[in-house]
Amino acid sequence: MSAVPSDLHRAPALLGVPPEGMRRFKGARLSWVGAAAVVVSLFALLPLGFVVWVGWQTGWETAAPLIFRPRVGELLVNTALLELVTVPVCAVLALALAWLTERSDLPGARTWAALAVAPLAVPAFVHSYAWMTVTPSLHGLAGAALVSTIAYFPFMYLPLSAALRRLDPGMEDAASSLGLGPWAVFFRVVLPQLRLALCGGGLLVGLHLLAEYGLYVMIRYDTFTTAIVDQFQSTYNGPAANMLAGVLVVCCFGLLGLEARLRGHERYARVGTGAARMPVRSRLGRWTALAWLLPFVTSLLALGVPLFTLVRWLIAGGAAVWHLDVLGAALGQTLVWAVLGGVLTTVVSVPMAWLSIRKPGKLQRLVEACNYMVGSLPGVVVALALVTITVRVALPLYQTVATILLAYMLMFLPRALVSLRAGISQAPVELEYAARSLGRTPTQALWSITLRLAAPGAAAGMAMVALGITNELTATLLLAPTGTQTLATAFWAFSSEIDYAAAAPYALMMVLLSMPMTWLLYVQSKKTAGR
């Protein structure tokens, strides 16, 4: 049995298929796969096409006053200040925690590492709910930056901690031997190697800041997303909301371009003979107690405040807030949509994931980029696009299950695509050749061999999509069928009425459902670093 894996590359020859037959199989194309990937990408481009189409239909004379007005300038200033304050603070906090938990002898480093990821289990608007009930005076830029940092810094901690695990300390030793001190080694050797992780994590945080709605409504800090939703729900002013959405899309693409420019094209892989060794953890010595305060205070603010608030309101509300029939219906509706959305999104991502691994090329990269670019758009833009399209073109689909599932697919397709692509990359292509040499069709080989081996990656992507749907608020508010209530919308309804005790059970259920995704992200980050 041990000889089988080493002979897989000769599978066609072992089965009587000559080398030219293997080349024929390798060059064969699954036409339906390419067509399916293109169709999915065309659907993914709906929000972008909507923004362009609305701008064209509105006309410059009408659009210009809606875009170049004081309100838009105020929102731009608010957004820029929020990004400029929050992203650097998240970077510094995440980098300090990552270094302490991965490169120092901090007591209980594994526990602190898990606690640094745990805030992702608490939806951002639940963080806001917790802080607003503890400190009702918290509002404005300071409040928005504080809660945003607490809610989103794990998105930077995960890639930074994984990158620090992978770094070969040989370069640091060489720099030290040349006379550089510890701080000089860190800033001149270690930090440049973390550029990709910093840029990627910063992009995630920046896009979340643009897309978030519930957090900033509670904090009373106006952003483009809050203005768009308020404009649509209060006055149903389509052109004004659409023009704001267009400006928000430009901001998203501006962030994508800035991240690409800062990331650069430098090579970060280790090249040379020998194997990279594990780094020696730095001794904190007398600074241990002071270093221990950073993860302790961070965990207290990011986890202690939400948990304290939930327990406080659950005790205050008592048994009266546990309306099991309503809570059970909201939980059931959330699970149904999460499962349906997770399965749908994972299934439609199969063609694109297969092409990206088996048939890479310019067309494939272009089609794949469409999915990632649209996946970076805020949910309010996707929802507004689908609202306008269904009202004007397909009215029977307005506020139906099909529309909300399509919105979830467009928003969370990158999550499923990344996970499934990683799973397919670990399935040997030689097994597909062997199956097809035995008479299987390309579709049968893909289904029975590749997708079975990629099942763990598909399951991980499905779980991440499903739990993303569980905490989704903006698109659900705009697109959900009348009378439908999920955990997120029910929580939002009660918290908007300042009935925090009644909202607490729904917040608790969302946190419990989010815990598996948080643990999955933590485990995946360790696997990425080979741990």
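Structural remarks
Per-residue answers, yes or no, for (1) over 23 Å from Leu520 (Cα atoms); (2) open to solvent by 50 Å² or more (accessible area, probe 1.4 Å); (3) assigned to a loop (DSSP other than H, G, I, E, B); (4) not polar (S, T, N, Q):
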| residue | (1), (2), (3), (4) |
| --- | --- |
| Asn78 | yes, no, no, no |
| Ala91 | no, no, no, yes |
| Thr101 | no, no, no, no |
| Leu120 | no, no, no, yes |
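- Scanning the stretch 170-210 for residues that are at pLDDT 75 or above and assigned to a loop (DSSP other than H, G, I, E, B) yields a count of 1.
- The residues of the stretch 302-323 that are more than 30 Å from Ala402 (Cβ to Cβ) and open to solvent by 60 Å² or more (accessible area, probe 1.4 Å), listed by number, are Leu307, Phe308, Val311, Arg312, Ile315, Ala316, Ala319, Ala320, Trp322.
- Matching residues, the stretch 51-76, being buried (at least 20 other Cβ atoms within 10 Å of the Cβ) and over 19 Å from Ala145 (Cα atoms): Val51, Val54
- Some residue of the stretch 346-365 being open to solvent by 80 Å² or more (accessible area, probe 1.4 Å) and of a type in the set (Lys, Arg): yes
- Flag for Val382 being open to solvent by 10 Å² or more (accessible area, probe 1.4 Å) and either over 29 Å from Glu212 (Cβ atoms) or hydrophobic (A, V, I, L, M, F, W, C) (or both): no
- Test result for Ala130, touching a Ser or Thr at 6+ places or on another chain (Cβ under 7 Å) and either free of Cβ contacts under 8 Å to residues at least 40 places away in the same chain or open to solvent by less than 10 Å² (accessible area, probe 1.4 Å) (or both): yes
- Residue check for Gly264: open to solvent by less than 40 Å² (accessible area, probe 1.4 Å) and either modelled with pLDDT under 75 or acidic (Asp, Glu) (or both): yes
- Taking the stretch 294-394 as the region of interest, the helices (runs of 4 or more DSSP H) fully inside it that hold 1 or more residues being under 23 Å from Thr450 (Cβ atoms) and in contact with a helix residue (DSSP H, G or I) (Cβ under 9 Å, 6 or more places away or on another chain) are 324-358, 362-375.
- Hits in the stretch 151-169 - residues which are farther than 13 Å from Leu115 by Cα, open to solvent by less than 10 Å² (accessible area, probe 1.4 Å) and not in a helix (DSSP H, G or I): Pro169
- Within the stretch 88-114, residues that are basic (Lys, Arg) reach partners that are part of a helix (DSSP H, G or I) with beta carbons closer than 7 Å, at six or more positions or on different chains, in the pairs Arg103/Leu164.
- All positions within the stretch 453-508 that are farther than 18 Å from Leu335 by Cβ and outside any helix (DSSP H, G or I): Ala454, Thr482, Glu497, Ile498, Asp499
- In the stretch 395-423, residue nearest to Thr484 (Cα to Cα) [restricted to those that are crowded, with 18+ Cβ neighbours inside 10 Å and aromatic (Phe, Trp, Tyr)]: Tyr408
The values are calculated or read from the model by the stated rules, or taken from the named source; none is laboratory data. Bear in mind the structure is a predicted one, so any value in this text is a computation, not a measurement. Every residue, glycine among them, receives a Cβ derived from its backbone with ideal geometry; neighbour counts consider all protein chains shown. Areas reflect the complete protein model, heavy atoms only, side chains present, ligands, DNA and RNA absent. Shrake-Rupley method; radii C 1.70, N 1.55, O 1.52, S 1.80 Å.
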